[in-house]
Protein chains: 6
Amino acid sequence: MATSIVLPIKKVFALVDSQIVVEIKDEHRKLQGRLIAVDEYLNIHMDETTEYIDNQRGRNLGTVVIRGNNILTIAPVI
Amino acid sequence: MATSIVLPIKKVFALVDSQIVVEIKDEHRKLQGRLIAVDEYLNIHMDETTEYIDNQRGRNLGTVVIRGNNILTIAPVI
Amino acid sequence: MATSIVLPIKKVFALVDSQIVVEIKDEHRKLQGRLIAVDEYLNIHMDETTEYIDNQRGRNLGTVVIRGNNILTIAPVI
Amino acid sequence: MATSIVLPIKKVFALVDSQIVVEIKDEHRKLQGRLIAVDEYLNIHMDETTEYIDNQRGRNLGTVVIRGNNILTIAPVI
Amino acid sequence: MATSIVLPIKKVFALVDSQIVVEIKDEHRKLQGRLIAVDEYLNIHMDETTEYIDNQRGRNLGTVVIRGNNILTIAPVI
Amino acid sequence: MATSIVLPIKKVFALVDSQIVVEIKDEHRKLQGRLIAVDEYLNIHMDETTEYIDNQRGRNLGTVVIRGNNILTIAPVI
């Protein structure tokens, strides 16, 4: 069970300073931007944030802090 | 991984005494006002709070305490 | 960052024995009454509680304990 | 601030062995029965439980354990 | 207040190896099966699981782990 | 009560490196892929992830981290 020692949050830590996309729970909405900081609750601090609603580009939000419990997924932008 | 030491909550602490906008989860609603205090759960104490529904100015709410888990995002007002 | 030491919950503690209004998450509903006790999760014990639905006065509920995570905001009644 | 030492959960502890009504979050549903046990998360163990939907009496559920975070309010049956 | 020492979770522990029905929050859905394991968050490991939607028998799901916070109630099958 | 010592999360740890299906709460959506890592909150790190909406195959998502509280069930793919 040694493989389980690498926690999911380590994957997110490794994305600091790179582009990520955060899918919001229940809202057909994604926030894409640069990951500045993340904590153990998956609270996210992003900047250069752009909103996507149903995959259509929306507003530029700049700097935001997102509450972790309302995040569905976090993924790297490839 | 040194950059991840600056926690997302530090960004919010830095906004104490300035104008913030708090987006509520699932409610098309934002609360804008002056940040008085914040804790590790992102519970927020604001005053001079104004409600915005679908980006239209609503009621003046004065002093409110917002439960952190129902907050989607916190951002500075620029 | 000294100002952030005064936690949001302290604002609520200061309202014990006075009239408060508790807005419920996602339900267009508020509960107004006298705050008897509150804890670190913002669980609330109120009495003389009156329900308001879409700002119309509803039932008298008497004594209730409200689970903190389902509370959106707590505010003093002015 | 001495009054805040009496925690909201103490009110619920005091209701063990008596009739309570538990309002479920977002479901227009209440569960009424005898409180057997409660913990710090407001998880509830009830028996002789009866369901009420929009205040109409529904099924007899007997013994149930209710997850605390999905409870909106707990109140004594008067 | 001695009776409150028997925690709600103890009731669930006592159901290990027997048939339980787990009601899911907000989904008109129940999962019935044999309880293999439970933890302090009421996370549930079941096997021989059958889904019921609006009380109609649905798919056989076999082994599942259910996240505790999305559970409304847990009850023995009589 | 010795059987309750095997925690539900142990079942998920045992699935690391194998194919799992994660059912999302309230969204008629499942994510299927290889489990890379899991933690005590049931946060999940998966790769080779494919989305299923109402049981129809959707997008390939590659690597994702899923917030545990928004997961309804985790199950092995048989």
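Values computed for the structure shown
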read-out	value
Subset of the stretch E:14-67 (residues that are among the polar types (S, T, N, Q), closer than 24 Å to F:VAL6 by Cβ and not in a strand (DSSP E or B))	E:SER18, E:ASN43
Per-region count, the stretch C:17-27, residues facing chain D (nearest Cβ under 10 Å) and surrounded by fewer than 19 Cβ atoms within 10 Å (Cβ to Cβ)	3
Residue that is nearest to the chain's Cα centre (by Cα) [pool: residues in the stretch C:68-78 that are aliphatic (A, V, I, L, M) and either more than 10 Å from every other protein chain (Cβ to nearest Cβ) or not in a loop (DSSP other than H, G, I, E, B) (or both)]	C:ILE74
Filter result (of a type in the set (D, E, K, R), open to solvent by less than 60 Å² (accessible area, probe 1.4 Å) and either closer than 21 Å to F:GLY68 by Cβ or modelled with pLDDT under 95 (or both)) within the stretch E:48-78	E:ARG67
Matching residues in the stretch C:10-32 - criterion: being touching a residue at least 12 places away in the same chain (Cβ under 8 Å), out of contact with any Phe, Trp or Tyr (no Cβ under 9 Å at 6 or more places or on another chain), on the phi < 0 side of the Ramachandran plot and of a type outside the set (Lys, Arg)	C:VAL12, C:PHE13, C:LEU15, C:VAL16, C:SER18, C:GLN19, C:ILE20, C:VAL22, C:GLU23, C:ILE24
The stretch F:28-46: number of residues that are open to solvent by 30 Å² or more (accessible area, probe 1.4 Å), at the interface with chain A (Cβ under 10 Å from one of its Cβ atoms) and either touching a Lys or Arg at 6+ places or on another chain (Cβ under 7 Å) or not acidic (Asp, Glu) (or both)	2
Scan of the stretch B:31-57 for residues that are over 26 Å from C:ALA14 (Cβ atoms) and not hydroxyl-bearing (Ser, Thr, Tyr), ordered by number	B:ILE53, B:ASP54, B:ASN55, B:GLN56, B:ARG57
Qualifying residue in the stretch B:50-64 (condition: within 13 Å of chain A (Cβ to nearest Cβ) and on the phi < 0 side of the Ramachandran plot)	no
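The values are calculated or read from the model by the stated rules, or taken from the named source; none is laboratory data. Keep in mind the model is a prediction, meaning the values are calculated, not measured. No Cβ is skipped: glycine too gets one built from the backbone with ideal geometry, and neighbour counts run over all protein chains shown. The accessibility values were calculated without ligands, DNA or RNA, using every heavy atom of the protein model including side chains. Shrake-Rupley method; radii C 1.70, N 1.55, O 1.52, S 1.80 Å.
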